[in-house]
Amino acid sequence: MDASSSVWLTGFWGFEPEQEGILGFTDPRDRERLFSMIGERQLVCIYGAASPETESKLVHHLLGVLEVERTPIDSSDKMSDIARERNTRLGRQEKWRYAMPVRRAWRTRHTLDVKQVFPKSYDPSNGRYIARFGTWLTPDEARWLLEKVPFIETNVYGETPVNHDERDATEPGSIALFLKPSKGVFGSFGDRSYEIQDKPHALYLAQFPKAADLLTGCPLPNGSGLVKIGVSGNLKNRLKALNLSFPQTSNIGWKITRTARFPDRNRAAEAEAAFKSRAIDEFGATSLGKEYFVMKLSMAETLFNALSPASGLDLRVSK
């Protein structure tokens, strides 16, 4: 397995591989169907299913990734006493009985809504089916998940515990790095010096929400808007500069709707350049020159999310 591996998406009520080392199905036909579609090992992305049993703050949020094995087992064979007693108490002992074992698991601490980060794969109108059985992430979404989202490897019930003395087991990293063969780390001695070369910068997406046709010179198609992509080390000052020519009493102006933090300016600038080229080539945008585009707002946000590292991505729309 590597960064190009396929990823299956499905929903859980929660994410506790430490207590339940399984991926289970209530209907054995669902398990057999998945068996027919995967190899000996498969990566499965888990999100919080829209169910009364799911903690409200976890609904539709990315929870973690499992590496499962195509082997039929009974769920009780790979479940802790605590989990087994809990399921019996809640009357769920007959649910998810037709299981397959989890061999490795990774948990993320970042709050990411699957509706926004997987817009091509996750259809809210089909949420119940995806939570019950699942669906494939598109190749682009799977690679983004495996390369960009920080995870921490966690213990799986019935498997050898993660060695928390190793650096890679406790520090967040992409799953693509976890899947690579480990390398030895050798110590060194002597003086060390450090040089600070850059500071974190933000990629931002701005929108001109009112009267955009005054700037574009023509009416905008339905669903489209005027957007600006840019990079800044100080978003507050940049937004102030963008609107400096408007009177303070004005009710029009630019609003920053999406931000993503990068560790340095070069990487933020690379993402900005990628947005400019892909917006036209892949997302049907019309360039107004420099960093300004007319494009469907949903497409602009999808492209921005795809180019942003999950650790720095802020999906909250600025007011």
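Every number in this text was worked out from the coordinates using simple rules, so none of it is lab data. Because the structure is a prediction, the values reported are computed rather than measured. Note that each Cβ is placed from the backbone with ideal geometry, even for glycine, and that neighbours are counted across all protein chains shown.
Key figures
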{"quantity": "Leading residue at positive end of dipole, the chain (Cβ point charges), from Ser308, Tyr129, Ser75", "calculated": "Ser308"}
{"quantity": "Residue pairs, from the table Lys95/Lys148; Lys210/Lys236; Lys78/Lys120; Lys120/Lys199; Lys210/Lys290, whose Cα atoms sit over 30 Å apart", "calculated": "Lys95/Lys148; Lys78/Lys120; Lys120/Lys199"}
{"quantity": "Choice from Arg132, Arg33, Arg41 showing the highest fluctuation, given a GNM over the chain with Cα pairs closer than 10 Å", "calculated": "Arg33"}
{"quantity": "Cut-off under 5 Å, modelled amide H: who pairs with Leu226 long-range", "calculated": "Phe208"}
{"quantity": "Distant-in-sequence amide H partners of Thr138 (H built 1.01 Å from N, under 5 Å)", "calculated": "Ser121"}
{"quantity": "Footprinting exposure proxy for Ser308, Ser76, Ser5, Ser125 (fewest neighbouring C-beta atoms within 10 Å first)", "calculated": "Ser125, Ser76, Ser5, Ser308"}
{"quantity": "Residue-wise HN-Hα coupling along segment 101-116, computed from phi with Karplus coefficients 6.51, -1.76, 1.60 (Hz; x: Gly, Pro)", "calculated": "x, 8, 9, 9, 8, 9, 10, 10, 9, 8, 8, 10, 8, 5, 5, 9"}
{"quantity": "Sequence-distant residues sharing a close amide H with Asn155 (under 5 Å, placed H)", "calculated": "Val162"}
{"quantity": "Estimated inter-spin distance, Thr71 and Ile280, nm [label 7 Å along Cα→Cβ]", "calculated": "5.4"}
{"quantity": "Acute angle (nearest 10 degrees) that the helix 265-281 long axis makes with the longest principal axis of the chain, alpha-carbon atoms", "calculated": "80"}
